[in-house]
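Accompanying notes for the structure given below.
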Amino acid sequence: MKTRVKGWSSRRAGVSLSLMVLAACSQVQNEEQQAPAPSAEALIRGAPSQSLTSMAASLTPELQWAWTGSSVLPAHKQVMMTPVVVDVNGDRTPDIVFSTFDGEYFNRVNEEGGNGNSNGVLRAISGDDGRELWAATDPSARVKPAASIAAGDIDGDGKVEICGIPENGRGIICFENDGTFKFRSAPDAYDFNEWGGPSLADLDGDGTVEILDGNRVYSNTGALKWVGSDGMGGALYTGPISFAADIDQDGIQEVINGRSVYKADGSLKCANTEIPHGFAGVANFDEDPAAEIAVAGYGSVSLLDDNCELLWTRDVHYTDPGQSFPTWRGHGGAPNIADFDGDGQVEIGLAGDWNYTVYGADGSVKWTRSIQEYSSGKTTSTTFDFEGDGRVEVIYADEISLRVLDGVTGEVRWQTRHSSGTTHELPLVVDVDADGSAEIIVVENNHVGGAGFNGIRVFRDRADEWVGTRGIWNQHAYSITNINDDGTIPAQPAANWLTPGLNNFRSNAPGTRVGVCRVKGTWENTGSLALPRMLHTAALLQDGRVLVAGGFNTTSELYDASTGTWTRTGDTLATHHYHTMTRLLDGRVLIAGGGQCPLTLATAELYYPSFGRWRATGSLQVFRTHHTATLLPNGKVLITGGEDTSGVALSSIELYDPASGTFSLAGNMGTARRDHTATLLPDGKVLVAGGGNDASSTLNSAELYDPESGTWTPVGSMGTARRFHTMSLLANGKVLVAGGGSWDVASSTSAELYDPATKSWKATGSMSTPRRYHTATLLPNGRVLATAGYHEATGILKAAELYDPATGTWCPAGNLNVDRYGQTATLLDDGRVLATAGVSNTDTSSAELFSIDSGK
């Protein structure tokens, strides 16, 4: 962008902002009436307000849960800063981390002439329900409660750390993922920050994270690396929020601190001293690949080119509220950048004292709305497309109201009461409970006057129909590509502004992690089995009933989907576990291995549905468990690997011929393996992958069996070694493997695709939950349902999720009513999935049905 817009000027107002008195003031006009507005206290107590009754009812949020305090340091229950959302405990559910303060202490110290913005306690709560996970109670590790924080894996240990501003405002302080103190930087000259906060980045792309605080950069151990030359910068009296971005696309990130840009080594790239310091945000306002810098503060809003050339500057927009006391336009909050009106050009949204305003790319006012924000005049908004309709909403909270505004017109789509003295905070939009639908997070405080709310409130759509988004927001100066989903900091992040759909700043985007997740899977209990079962098998019969057998007893049962009931059928000749069950082309069902008839010593048997009886058939040549069985196009059954009676992994294979009722040895795989998977490919070959060997190692190798030649051929190895995983043939001919990795979360959430055309593997989207011993079912709509399972990080699971081959992503698919692993999952003729029994903490004989809306 090379056009400089004339006519806008920057004028600094001589207004003193008090850091001590943060009360939400009364007797202020609002946007819906010209009479005096009700006070915050009156609003909270239910005084009528025309704005609350005349607003558009097109959005229907409701309170999902609220955190209002704790038995641990109960006086510290006020929140007046921007929280972060990360997974602190590895359970794959996002958590909210925030600073709290004691309102009485805050008020008393301020009244005595001190700085009440001290004695802050860092806390973490679960995004699921707000239950407290930890509080940093160490009196020597207190933080500035009004300052923002940043979270990410700064030391490469696979866990996030949290960094903030210590209560004396000097430098940075960092905590481990469990809230224990990690380190504090040594004080240095001119390093004070009051309400600002740190950001995280790998500046030079060397795999080591740096911590940014204004014009200062610290190592991941808290050592000061450099200090920039243009001062600490930031907001008037309250401090900076700097961040990193490669604005000139030279492959190395820069540090942006308001009007100043520093190279990764600390040398000044450029600074525009025509404008004051302030908050910054970056996005692409023109057609070149470099980013422009929006700067707001000291009563002005400006746009700089990537070389700091001033493109335009103007006053923060101001509509005289008609008060009896002097008013001012306000300082201006941090820029929220997005395409507010859907015209293909980004705009800038931010608040002053009396107006929330959206500015066009040329600095003109697109629209404005009256607000009450003169306690700080430094808050801002975020944007999100809740309905996935391409029309953005603006989420903003001032002193007395939380609003969702239409991005095109600024009209109120929803509004609720809210209370805050305000600092630099903004609401967040995150999938905070990993349910596939976005939520709004807003902070609350009522330390002045006592009326209103305190703590954290989370709002969701009443019908739970908002689209999905990421489960992470790691710092005030957030952009989608500055943090990975697992909390790691990218060494060379993609430019947010050059990524389709992500030309924004301080906003999440619909579908950035899970696509537009509108999956509404329903799990309903159905009839229970007569006996508990574990290590059993199930098969769908030709008449639509489901046969279940095995699992430490000889009984068999049949499930009738039309009645939801089980009935007893003939008993097996032997108890079977770790066996296989295969429906043959003629409708009979073969059980192989996992048990031996005590009388005939048979290791396989056949079920005859028309008679409801089991009969012996030929025995396996090698007794085996933990093997696979695959029905071939010629009607024979391929048995591969497993382990023998001594627990030795097998490489041998056998073929079962239903015509003769006999098993015959048919060679060996290239690798002995057990607990592996096998899938018939469209060309008639069989893909075998993963499993474990005699050294108790998990395998990543894979091989192909050709029934025509009876030979095995190795194919490319999986990217992750897997055992107790699942394998599913997709409609496009590719094969999906999921879960079954090691004890670490990443490997057991990962998934990858095998392409028969190239005989190679490629990673695809990871599941949201680590799983082993789970099931995977190909649904009629082409998606794959992963159900329950177990992992050391989570225990026995209830959660289910769906893989969409079109997007390569997973969406939550509801929770089962019973936790289970080692269950069976059978696709019924009507498209529902029957999950049966398995290991459970609660019920090992239960069964339940999954159904999904048509077309989903």
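The values are calculated or read from the model by the stated rules, or taken from the named source; none is laboratory data. The model shown is predicted, which means the values in this text are computed figures rather than measured ones. For neighbour counting, all protein chains shown are included, and Cβ atoms are generated from backbone atoms with ideal geometry for every residue, glycine included. SASA here: full protein model, heavy atoms, side chains in, ligands and nucleic acids out. Shrake-Rupley method; radii C 1.70, N 1.55, O 1.52, S 1.80 Å.
Before moving on, here are some points about what is shown:
- Normalised by the number of residues in the chain, the mean separation of alpha-carbon contacts (under 8 Å, six or more apart) gives a relative contact order of 9 percent.
- Under the combined filter of DSSP loop state and at most 14 neighbouring Cβ atoms within 10 Å, region 196-285 retains these chymotrypsin sites (Phe, Trp or Tyr not before Pro): 237.
- The distance linking region 801-848 with region 775-792 is 6 Å (Cα centroid to Cα centroid, whole angstrom).
- Once the Cα gyration tensor of region 161-215 is diagonalised, semi-axes √(5λ) in Å: 18, 16, 9
- Relative contact order, whole percent, for region 360-463 stands at 19, derived from Cα pairs under 8 Å and 6 or more residues apart.
- Size descriptors for region 472-513 (Cα atoms only): Rg and Dmax, in that order, 9.5, 24 Å.
- The phi-based Karplus calculation (6.51 cos²θ - 1.76 cosθ + 1.60; θ = phi - 60°) puts the 3J(HN,Hα) values of region 533-541 at 9, 9, 6, 9, 9, 9, 9, 7, 7 Hz, whole numbers, x for Gly and Pro.
- Taking region 378-427 and dividing mean pair separation by its residue count, relative contact order in percent (alpha carbons under 8 Å, at least six apart): 37 percent
- Sequence-ordered 3J(HN,Hα) estimates for region 448-464 from the Karplus curve with 6.51, -1.76 and 1.60 and θ = phi - 60° stand at 9, x, x, 7, x, 10, 9, x, 10, 10, 10, 10, 10, 6, 4, 8, 6 Hz, glycine and proline given as x.
- Mean shadow area of region 251-355 over all directions, Cα convex hull, nm²: 7.6 nm²
- Ellipticity estimate at 222 nm from DSSP helix runs (n ≥ 4, -39,500 (n - 2.57)) divided over the chain, nearest 500: -500 deg cm²/dmol
- Spin-label pair residue 563-residue 829: with each label point 7 Å from Cα along the Cα-Cβ axis, the two points sit 1.6 nm from one another.
- D_trans [Stokes-Einstein, Kirkwood Rh over alpha-carbon pairs] for region 402-455, 10 °C, 1.306 mPa s, µm² s⁻¹: 123 µm²/s
- Over 25 Å apart at the Cα level, from the set 636/762; 159/734; 144/182; 182/798; 182/269, are 636/762; 159/734; 182/798; 182/269.
- Residue-normalised accessible area of region 177-278, given per residue in Å² at a 1.4 Å probe: 34 Å²
- Partners for residue 263 among aspartates and glutamates (Cα-Cα distance below 14 Å; same-chain residues under 8 apart left out): 202, 204, 210, 230, 246, 248, 250, 254, 306
- Heavy-atom surface of region 341-453, accessible at 1.4 Å and reported per residue (Å²): 20 Å²
- Region 695-787: GluC sites (Glu not before Pro) falling in loop per DSSP and having at most 14 other Cβ within 10 Å: 708
- Net lengthening on full extension, residue 524/residue 286 (0.36 nm per residue, minus Cα-Cα): 80.4 nm
- Coordinate range along principal axes, alpha carbons of the chain, Å, largest first: 99, 56, 51
- In region 101-207, chymotrypsin sites (Phe, Trp or Tyr not before Pro) in a DSSP loop with at most 12 other beta-carbon atoms within 10 Å: 190
- Our note on the geometry: Cα centres of region 434-508 and region 679-724, 41 Å apart.
- Cα-projected label distance for residue 265 with residue 71, points at 7 Å along beta-carbon direction, nm: 5.7 nm
- Calculated FRET value between residue 137 and residue 793, using beta carbons and R₀ = 30 Å, to 0.05: 0.70
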